[in-house]
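To keep things clear, I will list the structure first and then write my remarks on it.
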Amino acid sequence: MKRFFQKQPLRVKIMAGNLLLLVMFLCPSIMFYSQAMEETIDSNINYMNQINSQLNLNVEMIFSPLDRINYLHYSDGEMRRILVSDSAKKTSAQRFEDDLYLRNALNHSFRSSAFILRGAVINKYGDVYCSISSDTDSYQEYVGKLMGGFTWEGQNEAYLTGVHETVIQLANRKVITVLQRLYYYGSYVGVLSVDLNYDELVRRLDKTYSANFVSSLCVVGRDGLIYNSPAAYLEDEELGQGDLLSHLREEAASMIGLNETSRKILIEGKEYLVTAIQNEKTGWTLLQYVPMDVMNTIGFEGIKNMLLVFLAVLLVAVFFSIFLSRQTIQPLENMISAMKFTTKGHLKLMEIPQEFEGNEMGELLHNYNSMAQRINDDIDATYLYEINHKRMELKMLRYQINPHFMYNTLNTISALAEIEGVPGIVQMAGSLSKILYYNVKGKDVVLLRDEIEDMRNYLQIQDIRFPGRFHTKIEVPADVGNCYMLKFLIQPILENSISHGLSDKRTDACIEIRAKQDGEDLYLSIYDNGVGMEEEVCERWNRRLSEGNAEASSEEDDDNGIGLINVNARIKNFYGPRYGLQISSEKGGYTEVTLHLKTLSGTGDRPENREDGLFPEQTETGEQETEE
C-alpha cells in the first residue's frame, strides 16, 4: 500500500489527503443522517397507528346502532310473537297488522342512524317484514342470493357483504348489507338484514381521514375493497387487479397476528410502509400505506438545512484542494508538456515566473532549462550527421550496377545461345531476363495474371534445372486474373515447394496454383504432393503466421521459414491483420499454402483512382485459365 501511494502523482496525493479529511467529517454526518431518518420513520409509524385506532373507533360508532336492533325482539314481546308465528296460519287482517307493526318498529329503530337505508326481518317460516313496503315482495329473493355466498359460523356472527348496487324505492343505490341471525335464548328466530348507505359511509370516512395525511387509507372486507382514500397512492383499479388485494389482506393478517406495528412490503415492484388494524365488529381490515421514497423525502426535509451546510463545506474544501494542487502542480505539468516535444524536435525552454525565483520550484526550472539546452545542441549535431550519412548513401548507389545492364546482358547471352544452337540456354536466359525486368520495373501492385506469368517464367527455369521431375497446373479464371495484388508473393512459396516439399520426390511430383474470388476476398493456393509435415508442426506454423510473429527461431527459421514469414509479414503490413498465410499439410501426403488477400479490383482501387503510386499502367485483359 505504501509503495502504491508513493507511485501516485503529486496532484493525486494532495487530493487524497483532502478527501481523507472530508471522509472523517462525512462518517459522523452519515451516522447522524441515518439516525434522523430512523426517528422520522418511527414517528410517522406511531402517527399512522394512532390514526388507525381513531378510524377503528369511528367504524365502531357507525355500526353501534345495529347492536340495539339485534336485541330488539327481547324487549318487544309483540315483535317476538310476530316473528315466531307462521303468517300462513293467519288471516289477511292479522298479516296486515303484523306487517305494519314490524315495519313501524324497524323504521323507528333505523331513525337514529343516518347510514341505514332499508332493513327487514325474515323469520324461520320465510315471512318477510321489510321497512319499505314496496320492496317486501322482492326482498326475500335478494337476501337469499346474499346468503348463498357464505356459511354461518356462530350464533352471534354478523356477515357484511361487499359494496354492491341494489334498487331501493325504484332508485339505484350503493349499499353494504349486514346479515345477522336472530335468536331468543338460543332458539332461532330469523335473519335481520340491514342495507347501509355506502355513499354516507364514504363521506364520513373522507371527513375523518384528512387529505393532509402522509399515508393513504384503504378498508378491505371479506369480499373486496370497501374504501380507498382520495388521492391515494394506489388507485381503485390497481387494487382491484390481480392478487394485489389478497396480498395486502394476507400481509395485514400476518402483521396483526405477530403484533407488528408496521411492515415494509413490495407492491408492484415498489416498497411501501404499511400499518394495519382489524375491526372486531365488522371484520374489516384498516390499512394505511405510504411509499418508502415519500418517507425518505419527509426525513430529508427534516435535515435539509444540515445537508446544505455540509454540501457548502464540501464545495469549499474541493475548491481549496484544486486551487492548492494547481499552484503546486501546474509548473511541473508545464515542464512535462515541454519535455514531450522531444519526439517532435527541440525541447521547449521554460519561462520562470518571478514568484518562483529563490525557491525550490525556481531552482528546478533553472536546472531543466540547462538540461534542455544541452539536449537541443545534441539534436542539432545528430541531425547534421544524418544528413551527411544520407548523402554518402546516395553517392554509393550511383556506383551500383544498373539493372538494365543485367537485362541487356541476358538478352545478349540468349542471342548467342540461339546462334550456337543451344535452346536450353535460350529459354533459361529469356525467362531469367523477364523475371529480372518484372522485378525491377513497374509498381508494387500488379495484376494477378502478370504475377502468374512471372511464375511461369520461374517454373520454366526450374523445369530446365530438373527436367521431368514435376509438372504444374495453373487454374486462374479470367475475371480473377484482372484483380490487383501485391507483387512477388507467389515465387517464395513456389521456391519452398520445389526446394523442400519436393526434395525427396523424383517422379510424379505435382505443383498446382489456383485462384478464386469470394466477395472482397482473394484466395491463392499453392499445392504440392511432396513430403508434407507433422500435424503439430503445421499447427505451430499457423499459430505463428496468425500472430504475425516474425522473430527468428533456430528450430524453424531455415530458408523455408524465412520465406513464409516474409511473405506473411508483407501481406499483413499491406492488407491488414486479418489477411495472411494459412497452411494445411499431411505428413507424407501434401502441403497447401493459401494466401488470403483483399480484392483490389473495385472502382476505388483502379489505377486512375489511386495516388499512392503502387499500381501499374492499365493494360488489356486476357484469358488466364491455362494448364501446363
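The values are calculated or read from the model by the stated rules, or taken from the named source; none is laboratory data. This is a predicted model, so every value here is computed, not measured. With ideal geometry, Cβ positions are generated from the backbone for all residues, glycine too; neighbour counts draw on all protein chains shown. The protein model used for the area step is the full one, side chains on, heavy atoms only, and it has no ligands, DNA or RNA in it. Shrake-Rupley method; radii C 1.70, N 1.55, O 1.52, S 1.80 Å.
Some values worked out for this structure:
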| read-out | value |
| --- | --- |
| Hits in region 45-99 - residues which are open to solvent by less than 90 Å² (accessible area, probe 1.4 Å), closer than 24 Å to ASP127 by Cα and either among the acidic types (Asp, Glu) or under 60 Å from the mean Cα position of the chain (by Cα) (or both) | ASP67, ASP76, GLU78, ASP86, ASP98, ASP99 |
| Residues of region 95-124 satisfying the condition of being without any contact (Cβ under 8 Å) to a residue 24 or more places away in the chain and in a helix (DSSP H, G or I) | ARG95, PHE96, GLU97, LEU100, TYR101, ASN104, HIS108 |
| Of the criteria (1) open to solvent by less than 30 Å² (accessible area, probe 1.4 Å); (2) touching a strand residue (DSSP E or B) at 6+ places or on another chain (Cβ under 6 Å); (3) of a type outside the set (Asp, Glu); (4) within 18 Å of SER53 (Cβ to Cβ), which one VAL214 fails | (1) |
| Which listed residue is in contact with a Ser or Thr (Cβ under 9 Å, 6 or more places away or on another chain), within 16 Å of MET455 (Cα to Cα) and at pLDDT 90 or above, from ASP518, ASP528 | ASP528 |
| Residues (in contact with a helix residue (DSSP H, G or I) (Cβ under 7 Å, 6 or more places away or on another chain), farther than 15 Å from LEU192 by Cβ and among the polar types (S, T, N, Q)) located in region 104-143 | SER112, SER133 |
| Selected residue (criterion: modelled with the highest pLDDT) from residues of region 226-278 that are surrounded by 15 or more Cβ atoms within 10 Å (Cβ to Cβ) and of a type in the set (Gly, Ala, Ser) | ALA276 |
| Odd one out for ASN107, checked against (1) closer than 30 Å to MET61 by Cβ; (2) at pLDDT 90 or above | (2) |
| Any hit, region 537-550, residues being at pLDDT below 90 and more than 40 Å from the chain's Cα centre (by Cα) | yes |
| Residue that is least open to solvent (accessible area, probe 1.4 Å) [pool: residues in region 18-44 that are of a type in the set (Gly, Ala, Ser) and at pLDDT 70 or above] | ALA36 |
| Test: residue in region 483-494 that is at positive phi and either surrounded by 15 or more Cβ atoms within 10 Å (Cβ to Cβ) or within 59 Å of the chain's Cα centre (by Cα) (or both) | yes |
| Residues located in region 498-552, provided they are in contact (Cβ under 8 Å) with a residue 60 or more places away in the chain and among the acidic types (Asp, Glu) | GLU520, ASP521, ASP528 |
| Those residues of region 279-301 which are among the polar types (S, T, N, Q) and open to solvent by less than 60 Å² (accessible area, probe 1.4 Å), in sequence order | ASN279, THR282, THR285, GLN288 |
| Sole residue being within 22 Å of VAL593 (Cα to Cα), part of a helix (DSSP H, G or I) and open to solvent by less than 70 Å² (accessible area, probe 1.4 Å), chosen from TYR438, TYR458 | TYR458 |
| Qualifying strands (runs of 3 or more DSSP E) (wholly inside region 159-239; at least 3 residues being in contact with a helix residue (DSSP H, G or I) (Cβ under 6 Å, 6 or more places away or on another chain) and not aromatic (Phe, Trp, Tyr)) | 171-184, 187-197 |
| Single condition THR621 does not satisfy, out of (1) modelled with pLDDT under 85; (2) not in a loop (DSSP other than H, G, I, E, B) | (2) |
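Let's see how each residue does on (1) surrounded by 10 or more Cβ atoms within 10 Å (Cβ to Cβ); (2) farther than 29 Å from ILE336 by Cβ; (3) modelled with pLDDT of 70 or more:
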residue: LEU349; (1), (2), (3): yes, no, yes
residue: GLN354; (1), (2), (3): no, no, yes
residue: GLU363; (1), (2), (3): yes, no, yes
residue: GLN373; (1), (2), (3): yes, no, yes
residue: ASN376; (1), (2), (3): yes, no, yes
residue: LEU394; (1), (2), (3): no, yes, no
residue: TYR399; (1), (2), (3): no, yes, no
residue: LEU410; (1), (2), (3): yes, yes, yes
residue: ALA415; (1), (2), (3): yes, yes, yes
